[in-house]
Amino acid sequence: MHIVRQLKKGLSWLLVLSASCSASAVTTAGPSKKDTAVVEQNTVSSNSTAPADTVKSTSLPVPVTPEDAAAHPASATDTTTAATTTTAAATADSTTVVNNDPYERFNRAMFQFNEVVDRLIMKPIATLYIKIVPKPLSKGLSNFYNNIDTIPTVANDLLQANFYQGTSDAWRLAINSSVGILGFFDFATDMGLEPNKEDFGLTLAQWGYRDSNYLVLPLLGPGTVRDQIGWPINYYFLTIYPHIYPVIQRNELYLTSLVVKRAELLRYQNVLEEASLDDYTFIRDAYMQRRAYQLERNAELNDPYLEKNNPSEAEKVS
């Protein structure tokens, strides 16, 4: 907890610094990537001569509902072209994705809000965290929080009646919590116990709630209706955070975990910037592909030979 308290002091200073810089950042910012994306999408659409069979959306391996409407002013051809570009960059293996996004207008507004919060607060803090925290300590903290996340993973394994994977994850938690000193060292992976992550959204899907629309919420980020419903259940009933007292230490531990995880995602920033004209579409398709993969994976219960939890670089961005 001494480390956490030190990190909290650093984070508090960073929040003040970010707040003081936010006003100037807003007034001096040039055209956003989203604005440029719309212009470039219109140019691509007007000059496109690709055959019709190359301009199509791919589909999830689960039942989904079609998109009701597009929330931006581009034409239907522009939307299809942009979706094709981002889907081609995000497609993993033969997994396919359909635009299951009837709430796109709301989702885009929430996405833009989350981007502002990230740009003004989370990203600067995560960037400074990488600069001032030594790599061995940074790796240890990452392992520590991944170990904490293994607790709800084991609980969801059992709720899904996936006892083979539950046994593997339980051994992983036990080894890293003891020999690995609360998870700071990941000996379980070296022993062949690969990391796995489960949540209550996947548990709901395992028992029948598979078809769910894409939904972005403020601060929580991308998800589906099912996953957003599952988040508070996963947090309040299956993680250790609600059981940590005093509350200030609980908040310190949780907020530090957010900084550590955001710092890990910085290495994928170039993937997002280079892969797509429209960040929203890219992240949506990558997230839906990742969840589709997890749903199909979890349908194979107690399979000791199934490869678990190996996302592509593009999918990790979401």
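Decide, for the range 148-256, between rounded, prolate and oblate: order the square roots of the alpha carbon gyration tensor eigenvalues as a ≥ b ≥ c, take rounded if a/c falls under 1.5, and otherwise choose prolate if a/b is larger than b/c, else oblate. Please list the in-between numbers first.
Details: a/c = 2.13, a/b = 1.22, b/c = 1.75.
Cα axes put the range 148-256 in the oblate bin.
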Item to check | Per-residue HN-Hα couplings for the range 181-194 [Karplus 6.51, -1.76, 1.60; θ = phi - 60°; Hz; x = Gly/Pro] | outcome: 6, 6, x, 5, 10, 9, 6, 5, 5, 4, 8, x, 8, 5
Item to check | Cleavage-rule hits (chymotrypsin sites (Phe, Trp or Tyr not before Pro)) in the range 197-280: DSSP loop, at most 11 neighbouring Cβ within 10 angstrom | outcome: Trp207
Checklist entry - Can you list residues whose amide H is under 5 Å from Asn213's amide H, if they're 5+ apart or on another chain and H is modeled 1.01 Å from N? => result Val225, Arg226
Item to check | Hz values of 3J(HN,Hα) by residue in the range 124-139 - Karplus curve (6.51, -1.76, 1.60), Gly and Pro given as x | outcome: x, 5, 5, 5, 5, 4, 5, 6, 9, 8, x, 4, x, 5, 4, 5
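Normalising by the residue count of the range 103-318, find the relative contact order in percent from Cα pairs under 8 Å and 6+ residues apart.
Numbers: 244 pairs, mean separation 54.6, N = 216.
Relative contact order comes out at 25 percent.
Just to confirm a number: summing +1 for Lys and Arg and -1 for Asp and Glu over residues other than Pro152 whose beta-carbon lies under 11 angstrom from that of Pro152, what do you get? Don't jump to the answer; show the numbers that get you there.
Values: positive: Lys197; negative: Asp149, Asp157, Asp169, Glu198, Asp199.
Once positives and negatives cancel, what remains is -4.
Throughout, read-outs are computed from the coordinates displayed, never taken from laboratory work. Predicted model, so just to flag it, every value in this text is computed and none were measured. For neighbour counting, all protein chains shown are included, and Cβ atoms are generated from backbone atoms with ideal geometry for every residue, glycine included.
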